[in-house]
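These notes concern the structure reproduced below.
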């Protein structure tokens, strides 16, 4: 008999659900679309239906479902299990953990999606075996998470680990938040697409300019770079340089062993890793820079469910 | 009877020595010049002579001297007690803790001066009562230290806490190390004096230009600013803005309660604090920015001896 966890990854488009064992393996999966501007009770209904199906699988294996973990974009309060706001879903102050717990009768815990992914890569992914690491997830924004000496670092009010909000270039562009030149404003997929559209205008001969601006997405930019387009390659080099600046700061302040780069854009590793590693080593104190291994995420979309399952189990056992 | 510690603050000009009680109070003090390019054995001789004098004071009080703590500029290896290099003294690979321990027959521990000052402000100074804080010391360089949940954070190789080496403006000037626009390259006393000399040239009507360039030091720049000189005031405002950018990054990544600003330049608090606090609050996630209290150091020169005494006692007791 194993102690399993029902884990959720709540996104803007789908909510995914997994039955995760103590080793962090996702044994069974389910997925439902959340729909546009959904009511919390409708999403909870879908979450419960998927869980009941997976709990059936657990019962067949004579496994016990010990608790529930929900990974969600923030801002959220992981202590009270409340989503403060999710711009993608249009929710405000939704006590999601309580709503799910009332239906599934299991201790239910809510965690930020980037912290969940960080824990997932730490226990089963690119950070396994290390004690101190960070993650950067390059998506719509730049998520971050931090593990210090084997503990997820959450700070005094549970809002640490926002590595995407470090300042990389104070004169840089602004994204959502009034923090110009933050890692998020420079290195998110949103930012790279913005810069690619500008580059297409500036370089009409570039392959980037061969499609209408609104067709330029992360995948197309990567294609252009792989095909040798100089403007597209330059965007990834700059992405690497900016990531390297931030990673050097993390090395100098925290002296970690591993930095994991995840999220959709991270797949284009060969295009940005050389400039990232070069810039990090240039700016880090030499022993801190020599120690820090920058690596590509291994679990990708599964990191969140694996991680939030592990964190939920730790919380259920009073270890966190 | 109290368990006292002999604490040293090894600087480029003087080595100071104190008899520190368990509460972190410096009860007796001594000081000796180190001289130019001194031999390690000569400095050790002076250190031992001062310790013997202070141990006499301890004996009069029937106090026991439990151990020795030495705070020194780095790079150093606090695990082996070896100074790797001190440009100020011209030393390389000096096993200072062992040399002192052989003479004084007490467990002897070496710590980086900024970590020592951080611990001093944490136990008895501007950070007392908090659990998570950082310090920035604005001197020849910018030193840093980090306390996370009551523990001095030293990273995987003992080289964490170099907050002066975070990048603030990647296009900024270079200082010693090839990390342009680091906090140290922008906010050390050295950097502010460099900028003041440039400002004096640019603004010949400024009070800064009323003395020869080589006479412009931190104290004079402060005098000019206090007297209302616009160029000098601008330098402090910019200092505050750069400090605020770095503090926002620390808030977003670590969510600490307190940030202590120490070192010679920090005394001019009223000149740089407004822009520092404004910039930090602008760029920090609102709850992280609201939580972080930026404060002036309280112990100044005594923070190092108080701190290294506390850290040495913890190490002697196996608590660190």
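Read-outs throughout are calculated quantities, based only on the coordinates presented, and are distinct from any laboratory measurement. Computed from a predicted structure; not experimentally measured. Reconstructed Cβ throughout: ideal geometry from the backbone, glycine too, with neighbour counts over all protein chains shown.
Structural remarks
- Sorting A:298-304, B:68-74 by average packing, meaning the other beta carbons within 10 Å per residue, from highest down gives B:68-74, A:298-304.
- The protein assembly as shown - Rg and Dmax from Cα coordinates, angstrom: 26.9, 87
- At full extension, residue B:21 and residue B:171 could sit 49.3 nm farther apart than now, given 0.36 nm per residue minus the alpha carbon distance.
- Take each residue of peptide B:283-293, count the partner chain Cβ atoms within 10 Å of its Cβ, and average: the result is 4.
- Between the beta carbons of residue A:62 and residue B:61, assuming R0 = 60 Å, the FRET efficiency works out to 0.30 to the nearest 0.05.
- Within chain B, percent of DSSP bridges classed antiparallel, to nearest 5: 55 percent
- Across the stretch B:138-205, the fraction of Cα-Cα pairs farther apart than 19 Å, rounded to a whole number, is 44%.
- Residue-averaged beta-carbon neighbours from other chains (10 angstrom radius) around A:167-174: 5
- All-pairs Cα distance distribution in the stretch A:3-111, expressed in whole percent, bin size 5 Å: 2, 13, 25, 26, 18, 10, 4, 1
- The Rg/Rh ratio of the stretch A:126-296, with both radii computed over alpha carbons and Rh defined as the Kirkwood radius, is 0.99.
- Between B:35, B:81, B:141, the Gaussian network model of chain B with springs among Cα atoms under 10 angstrom shows the greatest mean-square fluctuation at B:35.
- Within the stretch B:235-277, backbone nitrogen closer than 12 Å to the virtual label 7 Å beyond the Cα of residue B:223 toward Cβ: none
- Between 0 and 90°, nearest 10: helix B:302-316 axis offset from chain B longest Cα axis: 40 degrees
- Fewest-first ranking of A:207, A:131, A:92, using other Cβ atoms within 10 Å as the exposure measure: A:92, A:131, A:207
- Taking only the Cα atoms of the stretch B:220-266, the ratio Rg/Rh comes out at 1.10, with Rh defined as the Kirkwood radius.
- The stretch A:3-111 - share of DSSP beta bridges that are antiparallel (%, nearest 5): 60 percent
- Restricting attention to the protein assembly as shown, close to 55% of DSSP beta bridges with both partner residues there are antiparallel.
- The stretch B:126-197 and the stretch A:271-320 have Cα centres separated by 23 Å.
- Two-decimal Rg to Rh for chain A - Kirkwood Rh, Cα set: 0.99
- Paramagnetic reach from residue B:85 in the stretch B:144-169 [backbone N under 19 Å; point 7 Å along Cα→Cβ]: B:144, B:157-166
- Gaussian network model of chain A, Cα within-10 Å springs - most flexible of A:175, A:101, A:202: A:202
- With its label point defined 7 Å out from Cα along the Cα-to-Cβ axis, residue A:151 lies at 0.6 nm from the matching points of the other copies, in increasing order.
- Just checking the listed ones, A:279, A:223, A:184: in the Gaussian network model of chain A with Cα springs under 10 Å, the one fluctuating most is A:223.
- Number of partner chain Cβ atoms within 10 Å, mean per residue of A:149-160: 6
- Counting every other Cβ atom within 10 Å of each residue's Cβ, B:2, B:266 order from fewest to most as B:2, B:266.
- Ordered by the count of other Cβ atoms within 10 Å of each Cβ, fewest first, A:291, A:37, A:282 give A:37, A:282, A:291.
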